[in-house]
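Here is the structure we will look at.
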Amino acid sequence: MSEIANNRVARVHYTGTLPDSGEVFDSSEGREALTFLVGHKQMIPGFERELMGAKQGDKVEFTLSAEDAYGEHMPEAVQEVPTGMFGEITPEVGMTLMSDMGPFRVTAVNGDTITVDFNHALAGKSLTFNVEVIEVRDATEEEISHGHAHGPGGTEH
Ligand code: ZN
């Protein structure tokens with residue numbers, strides 16, 4: 001039976017929790033299993049590393065440091081901008097909006113001053129994953145040249 005290795009396609013079910021609170025931040029439960037091409041930077045770095053060598057049917061639990069997940073929270077990516085920058089939109093705490101510089105979240109509204117955060121919502125957090133390996137197969141040449149997995153749960157095109 002093949003094991004998870006570079007240039008193979010893995011299908012997994014996973015649940016991600018915050019180790020401090022136990023809060024589930026993402027899960028494939030009730031959805032199609034996550035399908036990814038291993039070794040092509042489709043996943044956060046620690047996720048693939050921890051799954052290397054796992055086989056179909058294996059259940060793996062691991063906790064990643066922020067560095068191995070979505071990176072450290074960078075203070076310089078938090079900015080204060082005037083409310084006029086939002087045009088028609090009334091900024092509210094918790095909104096995620098798109099800009100030329102990528103997505104950002106509104107983290108505070110203080111009169112005409114809006115605090116926005118360009119960090120990933122999970123930056124600076126260590127993350128626990130419970131993963132069940134559903135299938136491991138060799139990737140096709142086409143998948144390797146595209147840099148992603150095809151088929152159910154992968155890229156459909
Ligand atoms: Zn493709």
ILE89 being away from the ligand (no atom under 16 Å from the Cβ), of a type in the set (A, V, I, L, M, F, W, C) and at pLDDT below 95: yes
Among the residues of the stretch 128-144, the number that are open to solvent by 50 Å² or more (accessible area, probe 1.4 Å), within 16 Å of the ligand (Cβ to nearest atom) and hydrophobic (A, V, I, L, M, F, W, C) is 1
Can you find a residue that is surrounded by 17 or more Cβ atoms within 10 Å (Cβ to Cβ), over 27 Å from PHE86 (Cα atoms) and more than 16 Å from the ligand (Cβ to nearest atom) anywhere in the stretch 117-127? yes
What's the number of the only condition in (1) at positive phi; (2) part of a strand (DSSP E or B) that PHE129 fails to meet? (1)
If you scan the stretch 145-155, which residues turn out to be more than 9 Å from the ligand (Cβ to nearest atom) and surrounded by fewer than 17 Cβ atoms within 10 Å (Cβ to Cβ)? GLY151, PRO152
Taking the criterion of being modelled with pLDDT of 95 or more, open to solvent by less than 80 Å² (accessible area, probe 1.4 Å) and charged (D, E, K, R), would at least one residue in the stretch 55-67 satisfy it? yes
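Please find, among GLY153, GLY124, the residue that is assigned to a loop (DSSP other than H, G, I, E, B), free of Cβ contacts under 8 Å to residues at least 60 places away in the same chain and not hydrophobic (A, V, I, L, M, F, W, C). Quick ask: steps written out before the conclusion?
Values: GLY153 fails: free of Cβ contacts under 8 Å to residues at least 60 places away in the same chain.
Result of the check over GLY153, GLY124: GLY124.
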Only one of (1) small (Gly, Ala, Ser); (2) over 15 Å from the mean Cα position of the chain (by Cα); (3) not in a loop (DSSP other than H, G, I, E, B) is not met by GLY46, so which one is it? (2)
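VAL109: more than 18 Å from the chain's Cα centre (by Cα), farther than 22 Å from PHE47 by Cβ, assigned to a strand (DSSP E or B) and aliphatic (A, V, I, L, M), yes or no?
On the way: more than 18 Å from the chain's Cα centre (by Cα): yes; farther than 22 Å from PHE47 by Cβ: yes; assigned to a strand (DSSP E or B): yes; aliphatic (A, V, I, L, M): yes.
Yes, satisfied.
The values are calculated or read from the model by the stated rules, or taken from the named source; none is laboratory data. Just so it is clear, the model here is predicted, and its values are computed rather than measured. Note that we place each Cβ from the backbone using ideal geometry, even for glycine, and neighbour counts take in every protein chain shown. Note: accessible area is taken over every heavy atom of the protein model, side chains too, but ligands, DNA and RNA are not part of it. Shrake-Rupley method; radii C 1.70, N 1.55, O 1.52, S 1.80 Å.
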